[in-house]
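Colleague: Take this structure, written in structure tokens, and hold onto it; I'll ask about it next.
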Amino acid sequence: MSSSEPIIRSRQTEKEVNGVSTQVVCTEFSNYIFIVLTQYGKMGTLISVTPDTRSNDISTPAFSTKVLLGKDEPLTHVCAKNLATFVSQEAGNRPVLMGLSLKDSSIDAIKQMKEIIRSCKVW
């Protein structure tokens, strides 16, 4: 076997966010970017974040969120959209599948988590 590029690219890291251990795994598939962001060591709620094709303004596309597994709460949608929008935009408006399991969902924590996700960039 040759040492060519892996079929599925994945990166992971672990950092502290406001004193809470936070793990991130980012995996690139041909049709989705898959991100697991956990402070509990498990996948948590699975959310699909997709660019809205009906949006007329390409420079600022709208995004739709849908909980596929887990608790469907308003804060889950807000966190997922805030964490995944930049990923989708940087990945050519590909949809993002996100597993979220958070102890701290404060604005400051979300900002720090975005940087951790950026450090695992596979798109």
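The values are calculated or read from the model by the stated rules, or taken from the named source; none is laboratory data. Worth saying up front: this structure is predicted, and the values here are computed from it rather than measured. So basically every Cβ, Gly included, is an ideal-geometry build from the backbone, and we count neighbours across all protein chains shown. What goes into the accessible areas is simple: the full protein's heavy atoms, side chains included, and nothing from ligands, DNA or RNA. Shrake-Rupley method; radii C 1.70, N 1.55, O 1.52, S 1.80 Å.
Colleague: Using the Karplus curve 6.51 cos²θ - 1.76 cosθ + 1.60 with θ = phi - 60°, what ³J(HN,Hα) values do you get for each residue of the range 30-36, in whole Hz, with x for Gly and Pro?
Modeller: 5, 10, 8, 9, 10, 10, 10
Colleague: Sticking with this one: Could you give the size of the charge dipole of the chain about its Cα centre, using +1 on the Cβ of each K and R and -1 on the Cβ of each D and E, expressed in debye and rounded to the nearest 20?
Modeller: For this selection, approximately 100 debye.
Colleague: State in Å² the accessible area per residue of the chain; use a 1.4 Å probe, count heavy atoms of protein chains only, and round to the nearest integer.
Modeller: 58 Å²
Colleague: Shifting gears a bit: Please enumerate, by chain and number, the aspartates and glutamates with C-alpha under 19 Å from the C-alpha of Lys42, excluding those fewer than 8 residues away in the same chain.
Modeller: Output for Lys42: Glu14, Glu16, Asp72, Glu73, Asp104.
Colleague: Hey, another quick one. Can you flag which of Lys71/Lys103; Lys71/Lys114; Lys66/Lys121; Lys66/Lys111; Lys81/Lys121; Lys71/Lys121 are past 20 Å Cα-Cα?
Modeller: Long pairs (Cα-Cα over 20 Å): Lys71/Lys114; Lys66/Lys121; Lys66/Lys111; Lys71/Lys121.
Colleague: Related question: For Phe29, what residues show an amide H to amide H distance below 5 Å, using hydrogens built from the backbone and excluding near sequence neighbours?
Modeller: Counting only residues 5 or more places away or on other chains, the set is Phe34.
Colleague: Carbon and sulfur: what percent of the chain's accessible surface (1.4 Å probe)?
Modeller: 53 percent
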